[in-house]
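The block underneath contains the structure these notes are about, expressed in structure tokens.
The values are calculated or read from the model by the stated rules, or taken from the named source; none is laboratory data. If you're wondering where the values come from, they're calculated on a predicted model, not measured in any experiment. No Cβ is skipped: glycine too gets one built from the backbone with ideal geometry, and neighbour counts run over all protein chains shown. The protein model used for the area step is the full one, side chains on, heavy atoms only, and it has no ligands, DNA or RNA in it. Shrake-Rupley method; radii C 1.70, N 1.55, O 1.52, S 1.80 Å.
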Amino acid sequence: GNYWLRNDTELAREEIERLLQAPRIPALSDTAEPQVLIYHTHGTEGYAEEGKGSYASNALPRSRDITKNVVAVGAVLADTLIKSGVPTIHCEVMHDAVYGYNNSYTGSRKTVAEYLKKYPSIKYVFDIHRDALLNSENVYKVITYDESTPAAQIMLVVGTDSAGASHPGWRKNLSFAVDAQYLLTKRLENLMRPICIKKSSYNQQLSPGALLIEVGTCANTLAEAKTSAEILGETLAALINSDG
């Protein structure tokens, strides 16, 4: 089927087409050990208040309450994966709060490395964020509807080695992202934004099956993001439990 990409690297279209033929990460092993890790580099990212029509573009929603920020979205994703038979760990550390925003990726890299050392069974690592789409005058909501229920759109971000990171495995991550986008679009039309291929690695060099996932934007509500997280979890579970 079709796929949608936004390429922020110097990779030519022909090379991307070739890379999409790469085999993706193998299916899960038959074990109760954790096989998915969910974490949050920018855990304080929050969502718009229910019923609020506007707010200043220089006052983006943030919270250190894990029941109100993107950590709550990660919790829904983790619970859905577990219910779908995928052993999952959810790290609730807000790395931007602990290490400061500028050092958040350094902090989350340390956390992921520690989890991978403790649980070598982990095959998939998802860094859950919420995006910020805005200009000097407006913030933008990205939304679709699951029947009558509003759901925030999702964007998959694939890091590469274009900025110098040692990250040869990003090609398999791209192939996995395309499979995920395809199935999620079949599940709910207009749920997915284009896959974004970035120059930076975003710590995805630490593990195969690593993606940064943006669930909604600063103008979406937490409820909209949670709806999408449940759909995401059900679909990813079906994908990573398949035969590859």
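Structure summary
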quantity	calculated
Å² per residue, accessible surface of the chain at 1.4 Å	46 Å²
Spacing of the two label points (7 Å from each Cα toward its C-beta) at LYS110 and ASN190, in nm	4.5 nm
Cα gyration tensor shape for the chain, rounded if a/c is under 1.5, else prolate or oblate	rounded
Rel. contact order, % - alpha carbon contacts under 8 angstrom, at least six apart, the range 122-210	38 percent
Helical contribution to [θ] at 222 nm, DSSP H n ≥ 4, -39,500 (n - 2.57), averaged over the chain, rounded to 500	-10000 deg cm²/dmol
The range 160-238 and the range 63-109: distance between their alpha carbon centers, rounded to Å	15 Å
Flagged links, alpha-carbon separation over 30 Å, of LYS117/LYS199; LYS52/LYS123; LYS118/LYS172; LYS83/LYS186; LYS68/LYS123; LYS52/LYS110	LYS52/LYS123; LYS52/LYS110
Mean Cβ neighbour count within 10 Å, used as a protection proxy, ranking 212-221, 189-198 highest first	212-221, 189-198
Percentage relative contact order, the chain, counting C-alpha pairs under 8 Å, at least six apart	31 percent
FRET efficiency, LYS52 to ASN102 (Cβ-Cβ, R0 25 Å, nearest 0.05)	0.30
ASP65 paired with LYS199, simple spin-label distance in nm, labels 7 Å along Cα-to-beta-carbon	4.0 nm
DSSP H segments from the chain that extend 24 Å or more along their own axis, Cα-based, with Kyte-Doolittle mean of 0.5 or above	222-240
Full-extension gain in nm, SER84 to SER166, via 0.36 nm per residue minus C-alpha separation	26.2 nm
Share of carbon and sulfur in the accessible heavy-atom surface of the range 87-146 [1.4 Å probe, %]	49 percent
